[in-house]
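> Sharing a structure below in structure tokens format, with a few things to ask.
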Amino acid sequence: MCIRDRYENTRHNIGFITVDQLAEKHGIRINKIKHKALVGEGIISGHKVLLVKPQTYMNLSGQSVREVVAYYKPDLFNLIVVYDDVDLPMGRIRIRPSGSAGTHNGMRSIIYDIQREDFPRVRIGIGGERKMRLADYVTGGFRKEEKKLMEDAVLRAVSALECIIEKGIQQAMNEYNGKELVLRKAGNGANEEAGNPGRKKINEAMKKEDSEKND
């Protein structure tokens, strides 16, 4: 949930990267401007979905979500928010049916604006060792050794979202919670990308190097 170009390929934007990959996989174009967001409608597993990428600042994401909820009036259990979580280990996926915002300002804004916290969310871990302020860390790019891990995490998050839509959140939690990915050695990246267009697109979205490695 980031809007400025300088955040485009950063850790804080992993939610957008995931939504873009989901849209690409199902042929959904997120190109309409509505409700302070870029939106796209489509079908996933036989269910009509609306993919939303708020175009406010991160800490004002709730303004966009509030407009979407007011306009479509969905059952909030059908509202799924996917976002980065610095409190989760890098690459881990955690699905919850409800809960607080934790340390994420975007989620804090959503909960404040819709006055509810009983909606599903998919958290993607970006936590790890850092030598900088939290704000600089989350708005920094992925280091080379992190990219493979996060490519896998995005693909798993997409599968988790599909599972929630098709089978429900309980089944998705059973299948995806508690699974932890590990950093993999580089070497087969070119072959993997050649055989997986989705992975290549994810890698391109994370092309920005983290300035931390130069500190």
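> Under the rule of at least 5 residues apart or a separate chain, name every residue whose amide H is placed under 5 Å from the amide H of Val122.
Amide H neighbours of Val122: Val81, Val82, Tyr83.
> Can you give the FRET efficiency for Tyr112 and Glu204, using 1/(1 + (r/R0)^6), R0 = 35 Å, r = Cβ-Cβ distance, to the nearest 0.05? Intermediate results must be reported in sequence, preceding the final value.
On the way: r = 34 Å, r/R0 = 0.97.
Computed FRET efficiency for Tyr112 and Glu204 comes out at 0.55.
> Also: Pop the C-beta distance of Tyr72 and Arg133 into the FRET formula with R0 = 35 Å and round what comes out to the nearest 0.05. Could the numbers behind the result be given before it?
On the way: r = 38 Å, r/R0 = 1.08.
Rounded to the nearest 0.05, the efficiency is 0.40.
Only the coordinates and a few stated rules stand behind these numbers; no lab work does. A quick note: this is a predicted structure, and the numbers were derived from the prediction, not measured. With ideal geometry, Cβ positions are generated from the backbone for all residues, glycine too; neighbour counts draw on all protein chains shown.
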